[in-house]
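Below: the structure, in structure tokens.
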Amino acid sequence: MQRFSFLQLLRQSFRNHEGWEPQWRAASPKAAYDVVIVGGGGHGLATAYYLASEHGLRNIAVVEKGWIGGGNTGRNTTIVRSNYLFEESEALFEHSMKLWEGLSQALNYNVMYSPRGVLVLAHNTTDAQVIRRHVHANRLAGIDNEWMTPEQAKDFCPILDISRNVRYPIVGASLQRRGGTARHDAVAWGYARAASALGVDIIENCEVTAIRRDAGGGVQGLETTRGEIATRKIGLVTAGHTSVVAAMAGLRLPMESYPLQALVSEPVKPVMPCVVMSNSIHAYMSQSDKGELVIGAGTDAYTSYSQRGALHVAQHTLDALCELFPIVRRLRMLRSWGGIVDVTPDRSPIIGKSPVEGLFLNCGWGTGGFKATPGSGHLFAHTLAKNEAHPIVAPFGLDRFRTGALVDESTAAAVAH
């Protein structure tokens, strides 16, 4: 009896649905490339696509230790938004948001971007003050965001409980109407197919085992499980393990890795019209096109490379969501999973050159990576092609940890993710 891997079964299940069959070329590594992107997730594939489509580079490889979209890209909970506080973050995520809005057309692939709205709940006076500050900052920057009363929030999301005698009373909310969701694996497959059509080599099951450097200390190539690859330019886009790969080049990064977990309920008919988020309880929820309620929790308190989170974190999230949405109390959990996120001291990414000549970094996104996928790839491609940071990502360079010019979204984000 023939046996199939999970990935083979997944791909087979989509064959009868037009547009879903992955169509990138399964390449073998060549002896040398102009640029090698390490990491075949959304950010890495987007970088390769924009290098080819906007900068005319063709001799590019994306190397992935597993399969395309099998890492954090396939483990996230699909939220898209740009309602950040600081000007640097606003510019970065709004740039990405504008790309999301036309991404299906640009890739000729349906990434299922759905601007259903992102509702951020306030449960006390402090929440209300912080979230109102975000609203004002966003509107000054030309980004849509608005304050709502509890009654207006319930009108927008009818299953919310806005009673005053509950553990987490709702005193108001902000709404970014352009925010919403997109299909995570479709984003990876769409970028992979489009990049492959432009000549990019996409090499799966190709784990990097060493980074070779020349006598002057610059990048000379990679050693992988599928052979050696010569290159003078490497972009590291390996969510969750960037510190491990960077250490192969003798580089120590200011990041820690934490488990981040999520789960989905059994499928039900449409009940959730938007994305609802709460920082006070570190939770968010939306509904997938298949009817599952998609639920995410905060990061664990302890560093780990385990793709399983602590049970009490998920338990707290579920307890709180059952208070906010009484309708879900009797639903059963269908499945749960965990990812690994790289977290910097200021909860903002690192994008740009490293101290190692020819080694470029795109990492440290924490829980904000998926929503930045198109913008991250677009701006990182510019940085690689021009050998200098794009102005939008210039504030996110590694040097900020030496100068103290931090983009401290860790305390400013007002939402868990």
Partner lysines for residue 386 [C-alpha distance under 17 Å; skip if fewer than 8 residues away on the same chain]: 233, 353
Run the simple label-point estimate for residue 161 and residue 289 please: 7 Å along Cα→C-beta, distance reported in nm. 3.3
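With +1 on the Cβ of every Lys and Arg and -1 on the Cβ of every Asp and Glu, and nothing else charged, how large is the dipole of the chain about its Cα centre, in debye rounded to the nearest 20?
Approximately 660 debye in magnitude.
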With n ≥ 4 as the cut-off for DSSP H runs, can you work out [θ] at 222 nm for the chain, using -39500 (n - 2.57) per run divided by the number of residues, rounded to the nearest 500? -8500 deg cm²/dmol
Is there a quick way to get the dipole size of the range 127-236? I mean about its Cα centre, with the Cβ of Lys and Arg at +1 and of Asp and Glu at -1; what is the value in debye to the nearest 20? 340
How much accessible area per residue does the chain have, counting only protein heavy atoms and a probe of 1.4 Å, in square angstrom? 43
Among residues other than residue 96 whose Cβ falls under 12 Å from its Cβ, what is the net charge (Lys/Arg +1, Asp/Glu -1)? +1
Provide, in order from the shortest bin, the percent of all Cα-Cα pairs of the chain in each 10 Å bin, continuing until the bin that contains the maximum pair distance. 5, 23, 33, 25, 12, 3, 0
In nm, spacing of pseudo-spin labels at residue 154 and residue 197 (7 Å Cα→C-beta vector): 4.9
Using only the alpha-carbon atoms, how far is helix 42-55 inclined from the longest principal axis of the chain? Give it as 0 to 90 degrees, nearest 10. 60
If you fit an axis through the alpha-carbon atoms of helix 373-386 and take the longest principal axis of the Cα set of the chain, what angle between them do you get, 0 to 90°, nearest 10? 30
Where Lys and Arg each count +1 and Asp and Glu each count -1, what net charge lies around residue 405 among other residues with Cβ under 14 Å from its Cβ? -4
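Once the cut-off is 25 Å, how many percent of the Cα-Cα pairs in the range 146-282 end up in the long-distance tail?
57
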How much FRET efficiency would the formula 1/(1 + (r/R0)^6) give for residue 388 and residue 177, where r is the Cβ-Cβ distance and R0 is 41 Å, rounded to 0.05? 0.70
How would you order 368-375, 312-319, 195-202 from highest to lowest mean count of nearby Cβ atoms within 10 Å? 368-375, 195-202, 312-319
Calculate the translational D of the range 259-312 in whole µm² s⁻¹ from Stokes-Einstein, where the hydrodynamic radius comes from the Kirkwood formula applied to all Cα pairs, the temperature is 25 °C and the viscosity 0.890 mPa s. 201
With each pseudo-label sitting 7 Å past Cα toward Cβ, what's the residue 144-residue 268 distance in nm, one decimal? 2.8
Counting DSSP beta bridges with both partners in the chain, what percentage is antiparallel, nearest 5? 70
Net charge near residue 229: determine it from the other residues with C-beta under 9 Å of the C-beta of residue 229, scoring Lys and Arg +1 and Asp and Glu -1. 0
In the range 261-380, how does Rg compare with the Kirkwood Rh, expressed as the Rg/Rh ratio over alpha carbon atoms? 1.04
Between 0 and 90°, nearest 10: helix 87-101 axis offset from the chain longest Cα axis: 90
Dipole in debye (nearest 20) - the range 82-181, about Cα centre, beta carbon charges: Lys, Arg +1; Asp, Glu -1: 220
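The values are calculated or read from the model by the stated rules, or taken from the named source; none is laboratory data. Not measured: the values here are computed from a predicted model. Methodologically, a virtual Cβ is constructed for each residue, glycine included, from the backbone with ideal geometry; neighbour enumeration extends over all protein chains shown. Keep in mind that these areas ignore ligands, DNA and RNA; they rest on the heavy atoms of the full protein, side chains included. Shrake-Rupley method; radii C 1.70, N 1.55, O 1.52, S 1.80 Å.
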